[in-house]
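Sharing a structure here in structure tokens format.
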Amino acid sequence: MAIDFDIDFILGHINYWLFVILMLTGLYIVVARGNLLKKIVGLNLFQVAVFMLYISMGKIGGGTAPILTGNPDEVYSNPLPHVLILTAIVVGIATTSLGLALIVRINESYGTIEEDEILELDHQKSQSEIIKVAKEASNDS
Amino acid sequence: MDHHLILRVITKILVAPILLYGLYVQFHGDFGPGGGFQAGVIFAVGFILYGIVFGLRRLRQIFPDYVVHRLVALGVLIYAGTGIVNMALGGNFLDYNVLAEKGYQGQHWGIIAVELGVGVTVFGVMMAIFYSFAGRPPSLDDKEW
Amino acid sequence: MELVLTSLLFFALVATAIAIALVRRLFAVVMLAGVFSLLAAMLFVLMDAVDVAFTEAAVGAGISTVLMLGTIALTARSEKQPASYSLVPLVIVVLTGLVLIYGTLDMPNFGSPDAPVQQHVGPDYIRKTPEDIHVPNVVTAVLASYRGYDTLGEVTVVFTAGLGVILLISGLGRRPRRRKREED
Amino acid sequence: MTPENLILTALALPLAACIACLIFAKQPNLRDGLTLLVSIALLGTVISILQQFQSGQVIEASWWNFNPGVAIAFKIEPLGLIFALVASSLWIATHIYGVGYMRGNNEKKHARFFACFAFAIFATMGIAFSANLLTLFLFYELLTISTYPLVAHKETPEAKAGGRTYLGILMSTSIVFLLTAIVWTYVITGTMDFTPGGILTGKTEAGFLAILLALFAFGIGKAALMPFHRWLPAAMVAPTPVSALLHAVAVVKAGVFSMLKIGVYIFGIDNLAATGASQWLMWLAAFSILAASLIAMQQDNLKRRLAYSTVSQLSYITLGVALASSMGAIGGGLHIVTHAFGKITLFMCAGAIYVATHKTEISQMRGLGKAMPFTFIAFGIGALSIIGLPPLGGSWSKWLLMVGAADAGQQVMIGVLMLSSALNVAYLLPIFARGFFDGSIKSDGDDGDDGGGDGGGDGGKSFRENLKEAPILCVLPPCLTAAGCLVLFFYAGKIEEFLAPIIMGGS
Amino acid sequence: MMSLVENHAAILVVILPLIAAPLAMLFGNRNVAFLLSLAASAGSFLLSIYLLMLVKDGAVLAYHIGGWAPPLGIEYRVDAANALVLLIVAAISLAVLPYARTSIEKEIAEKNHTLFYACFLLCFTGLMGVTITGDAFNVFVFLEISSLSTYVLVALGAEKDRRALSAAYDYLVLGTIGATFFVIGLGLIYMATGTLNMVDLSERLASMEGNRTVRSAFAFIIIGMGLKLAIYPLHRWLPGAYTYAPSAVSAFLAATATKVAIYVVIRFMFSVFSIKFGFEQDTLKYIFFPFAVIAVFAASFIAVFQINVKRMLAYSSVAQIGYMLLGIALFSATGLSATLVHLFNHAVTKGALFLAIGAIIYQIGSPLMANMSGLGKKMPWTCAAIVVGGLSLIGVPGTVGFVSKWVLLMAALEAGLWPVSLMIVLSSLIAVVYVWKLVEILYLEPLPKDSQAREAPLSLLVPTWCLILATLWFGFAADFTVHVSDIAAQSLFDGKFGQDAIIMGTEGRS
């Protein structure tokens, strides 16, 4: 399917592309940043950008919010994406609060909230387990 | 924050309107924007503000932990219970039409009930989370900010 | 006018997002995140989603900012310099972006009334709400009745999160009298 | 008893023995006595099945539906019945022997040992009576698993290594080749039932048939076809009753029996003959026969030598299938019986020698025959039967195999069989001969006392007194089985007649 | 009362645990919480059996929630495929709960027990809700219920090992990314069609093969769910989560969570998107297939080198997921049936294994293999359970593992894919290695002299053995599971989800 990259198409799609940029920024923060809190911020960013994409689907040019006014000629935007996103926002904040609670606990037991350092500490613990096992094996024989 | 007299006075003035606004949002959701979720948040914000200014201890006296935690559960039960009542009255789960003679009246009752459930749970959860976080010993001082 | 406003908002959003990625001071990050949510809420208003805007402002700029500040108070103030940079995240992000852009190519124009979304289901809600439910706010009607079950799920999610936070960092509250008896 | 119940009984008895062994782990006499009773009862059950079968009844049973049209099913047919008879009768001998060996040798964990033993017999019965490939496979795997603890019984590093090789080879061949072959057969034919005349006839072309046969032949690792024979010598770390069980009764015989059954009832002898799909297998079997014999000659460890001998002898039976002639198949069936009796005698003797003297190497056994005459005479009889000399059972099966080879027009195979017999003579008879004719024991200079079956190995006054026969429970069984070899010579004709129907029907 | 249950069975199966969770919290007493959870699980279990009996011969049930007919409202839709998954989840929950009552005593502080049960129930609710729903967005909502509760449940392992926290956090981040991808995918198909109901979606999508938005949506949904179900390169969170979670949680998750995710993938691939789509077949061929094979081999191989038994089992789970994907990738009704059979069989086996290992950890306090030497003598029943479960992982006949392998092999051979069948059998050899490593340690290593180990209490043994007996029973009497899977696979393959359904309860207003 060929697409005319005319001005209409670009103006009609540029908003999507901008949402994509926002999403990607969020996603990048999540995967590339080592600070646990910042990852959560990144997740929020990512999700909010997705919410924007949803809301933009429901928009009708020249329409108004779907609160009925009684005027029969009024054009309303589609309420369904709004409902979905209301749910999604709540799910998002639920995840965020849980993630933050985990961060607090991690900080208490590891003393850091940097991914690298936590990985290192975990790795040390695994190594010490292996060494312990090896020692026991040599004691046996 | 005992020494911030202005804060304390303003908070006392503010809390009541915040709670009122919360109630408005809770029960006016059918007509304008808002609903149980937003109302629960606003309600919680009112109390949290009170807690921040007057201390967690005083807030906990008004709303002990166990009450807050029970509220969290209660909201979900109100919501799901509405559905169960609908089933008992012969409808499907969450079919509010059976709640009253006319379908739309039933819908009204149903929506009010479930929005209440949402509000109660959200309020409870917000308070519970606030309690949990505020109850932990901080690793940073006020001054370090 | 709307177009100008929207463009400005977009510009601000992108700038904020990039700033969040770059800033290392967590306090600033959280504040910027709050700003981002506020800007997003404004955008939602422009796109007729007033309920969503209301919620996003309350949640994004309000609750999550407060929670994150609380977390910072309990943990650390700034992000450390990472030991090494890897190309993997960039590759993942670029790939995701390509698939997304590819997906946008067949999307209907923004605001187009001919879009499938505006033909099916959505308009039915607007048409039927007055007779079925008699409330003016269609979003509430859909949220609490037509798709009320999703909302029950949503409340359950909130419940789960609350329960999880209690479990992880405080523990279930008990009635004081009983606690005393247990201590004896 | 209804026929269905008979099959059920034959399966349930060893299983019950297994459970009883675990329950009465702490009361050795009760446990071993009970197991003996069960083993006798099992033989009785199998014999009554035989009687019913000979009176012309169709005896079958099926329980769980596994897949539409496929069930865990059992059916009595001559080949399986013979196998079941051999296994159940030799179980009695092995059990008695095992009790003597384990006690005389102060091995540990008797309960686990006898429980696994009984379970292995249960699996063997299942294989013998299986009515389709699925059931066969089920019990085949159960047999592997239940014998693993027996192989690794001593729990020493060598035992564990041996157990690993054992399990590794048997498990991997069965999973990789056998399972694939079975599923493939099912996909091609839509059935898995053993049917006289074969189910693959006309279903697929010769090339595929050869591949399928290869999958089966290598998949049944228990048949120890080279190059998948390594588990057998590796399993020699096991206590000797286990070796006897593995190499004479249950495991290897289950392998070749499955081979025979699949050749006869899945491929169909006529089908194999017509397509020539088994040509390559015949050559491989011939190679196995000779190569294993040659390796056996180089082994100084008695049990290892016997193990390689087994590898060689098993290929006789595979050869019987691969010859694709009716006489070959029947000869193979008969060889299962005769070799079982012969080889179990040899192993029990090896064990008796070990219990009495703790010697494992052949070079150390010079002149032992004078100390243990009963053991060595039994050994001699077993060896002669394996070699195939009349008047012992082994002669008939070898004869039939040669006839089969002639029928199939494979004169070379006759030569192979004869050469192999010569090799048998070369590696088996010297052991026997040295025991009696090769002077006295070097290390002591003394000549041995005469045999007498009192409770031996008590580490008494002098070294000379230790050189007596092993405990009676260790000596009696090999004598019995040696006698069995003799008896078989006279009953071989009956067995042959009995087996004859297996190659009819299909064509 | 009876008619109430019959009419509303489809919704009650989810609502029972959903209501029991807040009730448990409301009462705030751990015994009450336990009884409530048990009652809810038992109720759901019975109801899911009832549902399965209704649909096992190919019928489809629908339930219009809120009295609104789809696509306006949300509907529940039950066919053989999801009824089977419902049964798995409910059965495992019922088996794990009594076990958990004892096992958490040593793993979780007593004050948290009530909330543990509530959280467990929520996880259960979420999984059931995801499985039974016929609405695409509702999948997301219930998926998040189960995910959030899972993060908490995993983090509860922190009292024994702090690595549970970082594992839970990793899972949270990756899980949320997955969920967000899924939401993006949903948004894209919603944009293309304007509806969220699965049946409606499939009707509208059927003619949209060339649409790039739809293709992109497909990619996002598959990757999003792929993260949740730990498709090979996306499996990073799984070993940590399964290893450090409390024993009962590991067992429950290993037996159910990934199974449900696989089900969702199947449902979207076969019922929502049309399998006639070229891009979907390409995905199966070029992405699912190679990654499934890599998963089977690489994960099994890694499992061999683990010193922590739970981690070993976790990697084995990744490998087993590979088998399930392989079944899907074979692109035939038999292959799909193999996947569904394996869903059931692996759930039973892995559940039993994790429970048995949990019983050992309960007694000796360590999940390391080195500390388990010689336990076969001290804990004969527990170790016997491990042996049987291990045999089932290998695929020895007489166990459910064999049934799965059988059907999968048959599918591969029917498709004429020789190399695939060879890979399937070869890979199970690696399972022999890691299972036998454990068996040797349990039985053939000497018991340490100072060992205090005793046989696990009955409350741990009985649930374990219930699952082990199921492993054996369905290994012999496989025709039930195979029959249901065949029906389910065939109807999935023919796209029958949208056929006229029997309406439970009252019919919704449209």
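The values are calculated or read from the model by the stated rules, or taken from the named source; none is laboratory data. These numbers come from a predicted model, not from an experiment. Methodologically, a virtual Cβ is constructed for each residue, glycine included, from the backbone with ideal geometry; neighbour enumeration extends over all protein chains shown. SASA here: full protein model, heavy atoms, side chains in, ligands and nucleic acids out. Shrake-Rupley method; radii C 1.70, N 1.55, O 1.52, S 1.80 Å.
Work from the charge dipole of the stretch E:2-504 (Cβ charges, +1 for Lys and Arg, -1 for Asp and Glu, about the Cα centre) and give the residue of E:Phe45, E:Pro22, E:Pro448 farthest towards its positive end.
Value: E:Pro448.
Take the Cβ-Cβ distance between E:Asn29 and D:Ile188 as r, set R0 to 60 Å, and report the resulting FRET efficiency rounded to the nearest 0.05.
Details: r = 63 Å, r/R0 = 1.04.
Computed FRET efficiency for E:Asn29 and D:Ile188: 0.45.
While we're here: Filter the GluC sites (Glu not before Pro) in the stretch A:52-115 to those in DSSP coil with at most 15 other Cβ atoms within 10 Å of their Cβ, and list the result.
Answer in residue order: A:Glu74.
Put a dot 7 Å past each Cα toward the Cβ at C:Asp114 and A:Leu119; how far apart are the dots in nm?
Result for the modelled spin labels: 5.1 nm.
State which entries of D:Lys154/D:Lys253; D:Lys75/D:Lys253; D:Lys26/D:Lys109 exceed 21 angstrom in Cα-Cα distance in the structure shown. Present the calculation step by step, with values, prior to reporting the outcome.
On the way: D:Lys154/D:Lys253 24 Å; D:Lys75/D:Lys253 19 Å; D:Lys26/D:Lys109 10 Å.
Pairs exceeding 21 Å: D:Lys154/D:Lys253.
Hey, another quick one. What are the membrane-span-like helices in chain A by this rule: whole DSSP H runs, Cα extent along the axis at least 20 Å, mean Kyte-Doolittle hydropathy at least 1.0?
Once both thresholds are applied, what remains is A:7-32, A:36-58, A:79-110.
Determine how large the accessible area of B:His4 is when every protein chain is in place; take a 1.4 Å probe and give Å² rounded to the nearest 10.
About 80 Å², ignoring ligands and nucleic acids.
If you fit an axis through the alpha-carbon atoms of helix E:136-155 and take the longest principal axis of the Cα set of chain E, what angle between them do you get, 0 to 90°, nearest 10?
10 degrees
Any idea what the relative contact order of the stretch C:1-149 is, in percent, if you count C-alpha pairs under 8 Å spaced at least 6 apart?
17 percent
Hey, can you list the residues from the stretch A:63-78 whose accessible area shrinks by 20 Å² or more with all protein chains present, relative to the chain by itself (probe 1.4 Å, no ligands or nucleic acids)?
For the stretch A:63-78, once contacts with the other chains are taken into account, A:Ala65, A:Pro66, A:Ile67, A:Leu68, A:Tyr76, A:Asn78 lose 20 Å² or more.
Quick check: Cα centre of the stretch B:73-109 to Cα centre of the stretch E:211-244, how many Å?
Measuring centre to centre over Cα atoms gives 37 Å.
Let me ask another. Roughly how much of A:Arg33 is accessible, in Å² to the nearest 10, using a 1.4 Å probe?
Roughly 30 Å² of A:Arg33 is accessible to a 1.4 Å probe.
Give the interface area between chains C and E as buried accessible surface, both sides summed, probe 1.4 Å, in Å² to the nearest 100.
4200 Å²
Quick one: with all protein chains in place, what share of the accessible area of chain E is carbon or sulfur, to the nearest percent (1.4 Å probe)?
Carbon and sulfur: 64 percent of the exposed surface of chain E.
OK, next. Gap in Å between the Cα centre of the stretch A:1-77 and the Cα centre of the stretch E:256-302?
Centre-to-centre (Cα) distance: 29 Å.
Something else now. Kindly point out which whole DSSP H helices in chain C project their C-alpha atoms 20 angstrom or further along the helix axis while averaging a Kyte-Doolittle hydropathy of -0.5 or above.
Span-like helices in chain C: C:2-22, C:26-46, C:88-104, C:148-169.
While we're looking at this one, here's another question. Taking 37 °C and 0.692 mPa s as the conditions, I'd like the Stokes-Einstein D for the stretch E:397-436 in µm²/s, using the Kirkwood hydrodynamic radius from alpha carbon pairs.
It comes out at roughly 310 µm²/s.
Please compute the modelled spin-label separation between D:Gln57 and E:Val304, points set 7 Å along Cα→Cβ, answer in nm with one decimal.
5.1 nm
When only DSSP loop residues count, what trypsin sites (Lys or Arg not before Pro) in the stretch E:432-475 have their Cβ near at most 12 other Cβ atoms within 10 Å?
Those that pass, being in a loop and sparsely packed, are E:Lys449, E:Arg454.
Sticking with this structure for a sec: Is there a quick way to get the dipole size of the protein assembly as shown? I mean about its Cα centre, with the Cβ of Lys and Arg at +1 and of Asp and Glu at -1; what is the value in debye to the nearest 20?
On the way: 89 positive and 92 negative charges, 748 e Å.
Charge dipole, the protein assembly as shown, about its Cα centre: 3600 debye, nearest 20.
Further question: Please return the longest stretch of chain B lacking exposed loop sites, where trypsin sites (Lys or Arg not before Pro) count only if DSSP places them in a loop and at most 16 other Cβ atoms lie within 10 Å.
Answer - B:1-101.
Then there's this: Give a residue-ordered list of calculated ³J(HN,Hα) values for the stretch E:227-239 (Karplus: 6.51 cos²θ - 1.76 cosθ + 1.60, θ = phi - 60°; whole Hz; x for Gly, Pro).
Calculated HN-Hα couplings, in order: 5, 5, 9, 6, 4, 2, x, 9, 8, 3, 6, 5, x Hz.
Let me ask something additional. Could you please state how large a percent of the accessible area of chain A is carbon and sulfur, counting protein chains only and using a 1.4 Å probe?
Result for chain A: 58 percent of the exposed heavy-atom area is carbon or sulfur.
Continuing with this model, one more query. For the stretch E:2-504, place one equal point scatterer on every Cα, skip the solvent, and apply the Debye formula. What is log10 of I(q)/I(0) at q = 0.12 Å⁻¹?
Calculated log10 I(q)/I(0) at the listed q: -1.03.
With solvent modelled as a 1.4 Å probe, how much accessible area in total do chains C and A shield from it at their shared surface, in Å² to the nearest 100?
Details: alone 14960 and 10400 Å², together 18110 Å².
So the buried area, both faces added, is about 7300 Å².
Just for the stretch E:2-504, what percent of DSSP beta bridges are antiparallel, to the closest 5?
Restricted to the stretch E:2-504, the bridges split so that about 70 percent are antiparallel.
While we're here: Could you give the distance between the Cα centres of the stretch D:266-318 and the stretch E:100-143, to the whole Å?
Cα centroid to Cα centroid, the span is 60 Å.
Of all the stretches in chain D, which is the longest one without any exposed loop site, taking trypsin sites (Lys or Arg not before Pro) in a DSSP loop (any state but H, G, I, E, B) with at most 12 other Cβ atoms within 10 Å? Spell out each step's value before the answer.
Numbers: sites that count: D:Lys26, D:Lys108, D:Lys442, D:Lys461.
My reading of the result: D:109-441 is the longest stretch.
Counting only heavy atoms of the protein chains, get the accessible area per residue of the protein assembly as shown (1.4 Å probe) and round it to a whole Å² value.
Per-residue accessible area for the protein assembly as shown comes out at 32 Å².
What Kirkwood radius, in Å to one decimal, follows from the Cα pairs of chain C? Numbers along the way, then the final one.
Details: mean 1/r = 0.0474 Å⁻¹.
Hydrodynamic radius (Kirkwood, Cα pairs) of chain C is 21.1 Å.
Set Lys and Arg Cβ to +1 and Asp and Glu Cβ to -1, take the dipole of the stretch D:3-503 about its Cα centre, and tell me which of D:Gly190, D:Gly328, D:Leu401 lies farthest positive.
Sorting the options by dipole projection puts first D:Gly190.
Would you rank B:Leu7, A:Leu11 by solvent-accessible area, highest first, keeping every protein chain in place and using a 1.4 Å probe?
A:Leu11, B:Leu7
What total accessible area, in Å², is buried where chains E and B meet, using a 1.4 Å probe and rounding to the nearest 100?
Approximately 1600 Å² gets buried when E meets B.
While we're here: Taking the Cα centre of the stretch D:3-503 as the origin, how large is its charge dipole in debye, to the nearest 20, when only Lys and Arg (+1) and Asp and Glu (-1) carry charge on their Cβ atoms?
800 debye
Could you give the alpha-carbon Rg of the stretch E:109-148 over 2.2 N^0.38 Å, rounded to two decimals?
So the Cα radius of gyration is 1.34 times the expected 2.2 N^0.38 Å.
Loop only by DSSP, 12 or fewer other Cβ within 10 Å of the Cβ. Give me the chymotrypsin sites (Phe, Trp or Tyr not before Pro) in the stretch E:278-378 that pass, ordered by residue number.
Those satisfying the criteria are E:Phe305.
Give me the Å³ per residue figure for the convex hull around the C-alpha atoms of the protein assembly as shown.
Considering the Cα atoms of the protein assembly as shown, their hull volume per residue is 190 Å³.
While we're on this one: In nanometres, what is the gap between the two model label sites at D:Val425 and E:Lys449, each 7 Å from Cα along Cα-to-Cβ?
5.9 nm
Could you look at the stretch D:1-149 and say what percent of its accessible area is carbon and sulfur, using a 1.4 Å probe and all protein chains?
For the stretch D:1-149, the apolar C and S fraction of the accessible surface comes to 67 percent.
Consider just the alpha-carbon atoms of chain D and return their Rg together with their Dmax, both in angstrom.
21.7, 73
Taking amide H atoms as placed 1.01 Å from N in the peptide plane, list the residues 5 or more away in sequence, or in a different chain, whose amide H sits under 5 Å from that of D:Trp64.
Residues meeting the amide H criterion: D:Ile72.
Indicate the residues belonging to the stretch E:207-224 that lose 30 Å² or more of solvent-accessible heavy-atom surface (probe 1.4 Å) upon moving from the chain alone to the assembly of all protein chains, ignoring ligands and nucleic acids.
Hits at the 30 Å² cut-off: E:Arg212, E:Thr213, E:Ser216, E:Phe220.
Now for a separate question. Compare A:Lys39, A:Lys59, A:Lys125 in a GNM of chain A, Cα atoms joined below 10 Å, and give the one with the largest fluctuation.
Maximum fluctuation in the GNM of chain A, among the listed residues, is at A:Lys125.
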